[in-house]
Amino acid sequence: MAPLRDDVRFLGSLLGETIREHAGDRVFDLVETARRTAFAVRRSEADRDEVSALFKDISAADAIPVIRAFSLFALLANVAEDLHQERRRRMHRAAGETPPDGDLEVTWTRLAELLEGDGDERLAAVRATARVSPVLTAHPTETRRRMVFEATRRVHVLMGRRDVLRSGEQDPVTESELAELELELRRLVLALWQTALIRNERPHIEDEVMAGLQYYEATLLEVIPPLNAQIDERLGCGGRAMVRPGSWIGGDRDGNPYVTGDVVRFATDRAAELLHGHYAEQLRLLERELSMSARIVQVDSGIAQLADSLTDTEVEGSPAREDVPFRQAVRVVRRRLAARARATGSSLPRSVLLSAGRLIGLDDDPPYADPEEMAADLETIDAGLSAVGSDLLRAPRLRDLRWALNSFGFHLQSLDMRQNSESHEELLTEVFAIAGVTGDYAALDEDARVELLLGELSHDRPLLGARAELSEFAAKEMGVLKAAAEAVSGLGPDVVQHYIVSMCGSVSDLLEPAVLLKEVGLFSGSPDEPRSTVRLIPLLETIDDLAGGARMLDAALVLPQFRALVRSQGDVLEIMLGYSDSNKDGGYLAANWSLYEAELALVDTAARAGVHLRFFHGRGGAVGRGGGNSYDAILAQPPGAVQGALRITEQGEIISAKYSEPVRARRNLEALVAATLEVSLLDVEGLGDDAEQAYAVMAALARLGREAYAELVHEDPGFIEYFTTSTPLSEIGELNIGSRPTSRKQTSTVDDLRAIPWVLSWSQSRVMLPGWFGVGTALRRWVEDGGGETVGGATDGHANAGDGHSAAGGADSEERLATLRRLYRHWPFLRTTLSNMAQVMAKADMGLAARYAELVPDAEVGRRIHGVISDEFDLTREMLLAVTGQETMLDDNPALARSVRNRFPYLEPLNVLQVELLRRYRAGDRDPDIRTGIQLTMNGLATALRNSG
């Protein structure tokens, strides 16, 4: 703890000195007074009113530097905590302790016996299908601009160096070194202080594309290739890359009117250009390194042929060039890659295409047609090095370059297409009418729709002629699909592999995009052998859709054409699970259990059809949107749900937290891989013969939790007013954090509200309602009387099943509580569910939430509903501790406990100022500084809470 406190104090002192120097003593003194008072409140030595009193009469202009001060402290404290985690891991490793769960070395040890054998069918299946895809999405809940991103990364590096110097582990500590390092840190803190933390206008999708790509530059291009190399070496995947990233940024047009064909082109072109630039630079460095002389080493015919395959004045007549065959071979690869960049019209920086001031190669150099051609040449160079005894020179650069090509191809990342089923229906209704297929597709029933769609998928005849006149909506939709087809043509099929259907509730919903893909050449129609490199992926979002998912899948798989399509795609079928809408629909417990049950049913359906199922988990950063520890979440999946492969969204501030630094990026990717392998190859559910009873208990709890949640969210007539006025919901729509609107439709209902503002609003007011509400009531009711239903099963062998008294078969309250405790200890699903809930509850603060409740115009509604929420919070905490046996909510998460204890008091001034500024803004004060101040508090709180959206 001492090093962490030292880092926090040091960075805090730099910030304080910067504030004093550039904002003046008055601002500095106010910040310090607020800080001391907030800590006194946390120690119960002061009343909350004392913090509020500090800001009651403050002008908006004076509030802004105070807000910025606490926001920047939260940003710097994040750096200190991340460094401390890395420091502790190094200390544990140095002490010879076993690495923590999620470290691949631990996984290899657990799988050692299995990996030594050759006959295990599960291992063979995993080797054939192994795939982990983190998919970056444009759902930011912080406004981290590129300068802030880069400065924060630099602070991280310098603080790590400071740690080394002060510890004396490497270089001797010198006053001059430390002084220069600390001077650079002062410069960075000053730059952050003088940088606007939020944008003046909402970012364009192109900005979001570039923001996503910066993580490849920062870490992913460096980290993923060697990780895939290690996995292949230990697991034996036959040279297949297991970790292959994806993105929604630029392809997800569900509810986002700004996604166009030009945006798709921008996203795919910029990704390819970034990757080509990386390849060009690595090849340039490799050429310099491979200086072996033909006078010393005897090269094989493969190298000789590759080196001589292209000739021009750069090589001919130059003894120095002729003497270095490996350099010549690498130069050939560079020239053909440069030729590809020129042929595709790439706007790569000219510097990466130059050598000695000249463009690499000639205009008539043959460009690489695909990554396989380039891979073959790199294989030749690799084999040539091995042949002359230069194995040490094969790694790391050449090895990583080959694995980069294997992992990223020429496209870098797979860009997912997503649109909702209502839009598909509207588009096809227009297209079918123009083509004379049917006058009103939308009016057809489900059977008629499926019959019509299958008929259209039985041939390749297009529906639209070149001169077809489409509405603005239809032209835009088709433009997006045409741009996707162009990307596939230029960059290969891996650039667009997935088409996700939001709000997918029927077979026709699933088939509709196939007709649209056929129209642009991404689907080949046939009654017997339809083919497409793009997978159709239903997104099951609501609780009802999750419950009906298996029926829909079964109905689709009995259709010969759809089954043939899946067969042509390697018998792999992907289903996306939505965590956000199911939670908003039924609450925390019901959503989590609905997802678990849906996976069990879908796995069974796929197994009966002989299909390999891959789940795509649409998790957000907040617990209410599926957030939490990824390793634990994957291990908590039901049996058969992770068959060696999964895809998972990475959203908002979670992307920065996981992937902005190489060490953290490697650790987080390892955790995804480790959990995927362990849950696929080991029995981690831990229930055995108790599974049926455990499922029955959880089903009862989910029903009770949904009822408690619905009583407030869906049935209480004052809830909508409370939610919309006690939280900064409307103001979030004005915060320039993303290009997407806050709701799918122009409506204020909870159902149509997007999950980001729903969750972010509750986190800003420190209620965190989506991550816990209703759980306490469910646990108490079940413990007291089993929820009033008999769901069967015995508890610890105590009771006779079916006597009608309780879900535990007649067991009393003490025995029912013992059942929950046993399930918590042995069942990863329940343990993870409650642990994640504890984490989000630790960030909640009902005292601060009461301040927000005062914003409700109807004071009686504000007091009443806040009372309901506060009582449920207390009950949930009480029941959580009773089930887990813990003394505090964070006994199992000491890192978060430290964070809550040491720096959450710094959030108090941000919340207090947000409430004060919201009050003025809603009273009609349109001072621009008030709006700016509100936005800054939202940014600061999201930064401090870290997983709030």
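Within the range 527-571, work out how many residues are within 23 Å of the chain's Cα centre (by Cα), within 24 Å of G587 (Cβ to Cβ) and not charged (D, E, K, R).
6
Search the range 710-727 for residues that are closer than 15 Å to V915 by Cα and pair each with any residue that is among the aromatic types (F, W, Y) when their beta-carbon atoms are under 8 Å apart and the residues are at least 6 apart or on different chains.
S726/Y852; T727/W762; T727/Y852
Looking at the range 376-397, which of its residues are within 30 Å of the chain's Cα centre (by Cα) and either basic (K, R) or in a helix (DSSP H, G or I) (or both)?
Matches in the range 376-397: R397 only.
Would the range 916-936 turn up any residue that is among the aliphatic types (A, V, I, L, M), in the same structural domain as L76 (by TED's automatic domain parsing) and closer than 27 Å to S660 by Cβ?
Yes; the residues of the range 916-936 include at least one that is among the aliphatic types (A, V, I, L, M), in the same structural domain as L76 (by TED's automatic domain parsing) and closer than 27 Å to S660 by Cβ.
Any idea how many residues of the range 844-860 are in a helix (DSSP H, G or I) and in contact with a Phe, Trp or Tyr (Cβ under 6 Å, 6 or more places away or on another chain)?
Qualifying residue count, the range 844-860: 1.
I'd like to know if the range 670-687 contains one or more residues that are more than 30 Å from T777 (Cα to Cα) and free of Cβ contacts under 8 Å to residues at least 60 places away in the same chain.
Yes, the conditions are met somewhere in the range 670-687.
Among the residues of the range 211-232, is there at least one that is at pLDDT 95 or above and farther than 30 Å from A487 by Cα?
So far as the range 211-232 goes, yes, one or more of its residues are at pLDDT 95 or above and farther than 30 Å from A487 by Cα.
Being touching a residue at least 24 places away in the same chain (Cβ under 8 Å), closer than 30 Å to A555 by Cα and not aromatic (F, W, Y), is that true of even one residue in the range 394-414?
yes
Would you check which residues across the range 887-913 are in a loop (DSSP other than H, G, I, E, B) and either among the hydroxyl-bearing types (S, T, Y) or without any contact (Cβ under 8 Å) to a residue 12 or more places away in the chain (or both) and list them?
Selection gives E887, T888, D891.
Of all the residues that make up the range 255-265, how many are surrounded by fewer than 22 Cβ atoms within 10 Å (Cβ to Cβ) and in contact with a Ser or Thr (Cβ under 9 Å, 6 or more places away or on another chain)?
The number of residues fulfilling the criteria is 3.
Among the residues of the range 577-590, is any more than 21 Å from L701 (Cα to Cα), more than 14 Å from the chain's Cα centre (by Cα) and without any contact (Cβ under 8 Å) to a residue 60 or more places away in the chain?
The answer is no, given that none of the residues of the range 577-590 is more than 21 Å from L701 (Cα to Cα), more than 14 Å from the chain's Cα centre (by Cα) and without any contact (Cβ under 8 Å) to a residue 60 or more places away in the chain.
Please specify each residue of the range 252-297 satisfying the condition of being within 23 Å of the chain's Cα centre (by Cα), among the aliphatic types (A, V, I, L, M) and in a helix (DSSP H, G or I).
The answer is V263, V264, A267, A271, A272, L274, L275.
Give the number of residues within the range 116-141 that are at pLDDT below 80 and touching a Leu at 6+ places or on another chain (Cβ under 9 Å).
The total comes to 3.
Is it the case that the range 477-500 has a residue that's within 21 Å of P527 (Cβ to Cβ) and modelled with pLDDT of 95 or more?
no
Report, ordered by the first and then the second residue, all pairs with beta carbons closer than 7 Å, sequence separation of six or more or different chains, a first member in the range 301-317 that is under 17 Å from Y368 (Cα atoms), and a second member that is modelled with pLDDT of 90 or more and of a type in the set (V, I, T).
Pairs found: L306/V332; L306/T380; A307/V332; S309/V332; L310/V332.
Taking only the range 525-552 into account, find how many residues are farther than 18 Å from V572 by Cβ and assigned to a strand (DSSP E or B).
Adding up the residues that qualify gives 0.
Tell me, which residue of the range 43-75 that is buried (at least 16 other Cβ atoms within 10 Å of the Cβ) and among the basic types (K, R) is nearest to G940 (Cα to Cα)?
Out of the qualifying residues, it is R68.
Go through A404, A435 for me and flag whichever is surrounded by 20 or more Cβ atoms within 10 Å (Cβ to Cβ) and of a type in the set (G, A, S).
It is A404.
Output yes when any residue across the range 85-103 is over 24 Å from the mean Cα position of the chain (by Cα), in contact (Cβ under 8 Å) with a residue 24 or more places away in the chain and within 29 Å of I500 (Cα to Cα), and no when none is.
no
Counting just the residues of the range 201-248 that are out of contact with any strand residue (DSSP E or B) (no Cβ under 6 Å at 6 or more places or on another chain) and of a type in the set (V, I, T), which one comes out farthest from N406 (Cα to Cα)?
Ranking the qualifying residues of the range 201-248, first place goes to I205.
If I ask for residues that are under 18 Å from I756 (Cβ atoms) and surrounded by 24 or more Cβ atoms within 10 Å (Cβ to Cβ), which ones from the range 633-652 would you list?
Within the range 633-652, T649, E650, Q651, G652 meet the criteria.
Could you tell me how many of the residues in the range 648-664 are under 13 Å from P245 (Cβ atoms) and either at pLDDT 95 or above or among the β-branched types (V, I, T) (or both)?
3
Could you please tell me which pairs satisfy a Cβ distance under 7 Å, a separation of 6+ or placement on different chains, a first residue in the range 183-211 that is under 16 Å from Y258 (Cα atoms), and a second residue that is aromatic (F, W, Y) and assigned to a helix (DSSP H, G or I)?
Matching pairs, first to second residue: E206/F266; V209/F266.
Which numbered condition trips up M210, out of (1) under 21 Å from I655 (Cα atoms); (2) in contact with a Ser or Thr (Cβ under 7 Å, 6 or more places away or on another chain)?
All conditions pass for M210, except number (2).
Please return the ranges of helices (runs of 4 or more DSSP H) entirely within the range 557-652 where 1 or more residues are in the same structural domain as L453 (by TED's automatic domain parsing).
560-568, 580-586, 588-609
Would you mind stating whether L220 is among the hydrophobic types (A, V, I, L, M, F, W, C), closer than 30 Å to P257 by Cβ and in a helix (DSSP H, G or I)?
The answer is yes for L220.
The values are calculated or read from the model by the stated rules, or taken from the named source; none is laboratory data. Small disclaimer: the values here were computed from a predicted structure and weren't measured. Here the Cβ is made from the backbone with ideal geometry for all residues, glycine too, and neighbour counts use every protein chain on show.
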